[in-house]
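Everything on this sheet refers to the single structure shown next.
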Amino acid sequence: RAILSVLKQNHGTWDGENFVLEEDFFFDDGERDKKTWRLKRVGEGQYEGAREDVVGVAKGFQDGAAFRLEYDIRLPKKDGTPGRKVRFRDVMVLTNDDVVINNATIGYFGFRVGGVNLKITPEKAAS
């Protein structure tokens, strides 16, 4: 199923140690969802975080313009109950033109079972 993820301007805050980011999701079947990431710097280039659907602690690693975020989530079943636990590995790279390229892989018991590729662009100012 197709999904649109929207990161609106001013929906993220950074105070030098803590990052909070709100994501709005819109699915092609009309479903909507909202998730909030909360990441905390725990060392040089290292972060830990949480989101409503993350199992345990998300681990983040920054190296220059690249940021890797690894976390487990339980995919919901059609009836809304918790389903299978899968591992996400997001690799995000900030380009020179302020575009973020996000390549995510989804694993289940160590096997790659899916992937998501996103291009996050800044909103254009209204004229």
The range 9-96: relative contact order from alpha carbon pairs under 8 Å, six or more residues apart, as a whole percent, is 16 percent
If every Lys and Arg gets +1 and every Asp and Glu gets -1 at its Cβ, then about the Cα centre the chain yields a dipole, in debye to the nearest 20, of 520 debye
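At a 1.4 Å probe radius, carbon and sulfur cover how many percent of the accessible area of the range 71-116?
For the range 71-116, the apolar C and S fraction of the accessible surface comes to 56 percent.
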HN-Hα couplings for the range 51-58 via Karplus (6.51, -1.76, 1.60; θ = phi - 60°), in whole Hz with x for Gly/Pro, come out as 8, 3, 9, 7, 8, x, 10, 6
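Per residue, how much accessible area does the range 68-127 have with a 1.4 Å probe, in Å²?
Details: 4650 Å² over 60 residues.
So the range 68-127 comes to 77 Å² accessible per residue, rounded to a whole number.
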For the range 21-124, the count of lysine pairs 8 or more apart or interchain whose alpha-carbon atoms are under 26 Å apart comes to 20
With 0.36 nm assigned to each residue of separation and the Cα-Cα distance removed, residue 40 to residue 89 gains 15.9 nm
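Which chymotrypsin sites (Phe, Trp or Tyr not before Pro) in the range 77-127 pass both tests, a DSSP loop state and at most 13 other beta-carbon atoms within 10 Å?
Filter output for the range 77-127: 109.
Could you order 118, 39 so the one with the most accessible surface comes first? Probe is 1.4 Å. Mind dumping the intermediate values first?
Values: 118 65, 39 20 Å².
Per-residue accessible area, sorted high to low, gives 118, 39.
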On the formula 1/(1 + (r/R0)^6), with r taken between the Cβ atoms of residue 13 and residue 77 and R0 of 35 Å, the FRET efficiency rounded to 0.05 is 0.55
Trypsin sites (Lys or Arg not before Pro) in the range 31-127 lying in a DSSP loop, each with at most 10 other Cβ atoms within 10 Å of its Cβ, come to 77, 78, 124
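So what's the net charge close to residue 46: Lys and Arg +1, Asp and Glu -1, counting the other residues with Cβ under 15 Å from its Cβ? Please report the intermediate quantities before stating the final value.
Values: positive: 40, 41, 59, 68; negative: 17, 44, 48, 63, 70.
So the environment of residue 46 carries a net charge of -1.
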Cα-based Rg and Dmax for the chain, in Å, come out at 15.2, 50
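The values are calculated or read from the model by the stated rules, or taken from the named source; none is laboratory data. In this text the structure is predicted, and so the values were computed from the model without any measurement. As a convention, Cβ positions derive from the backbone with ideal geometry for all residues, glycine included, and neighbour counts pool all protein chains shown. Quick note on the areas: whole protein, heavy atoms, side chains included, nothing else; ligands and nucleic acids left out. Shrake-Rupley method; radii C 1.70, N 1.55, O 1.52, S 1.80 Å.
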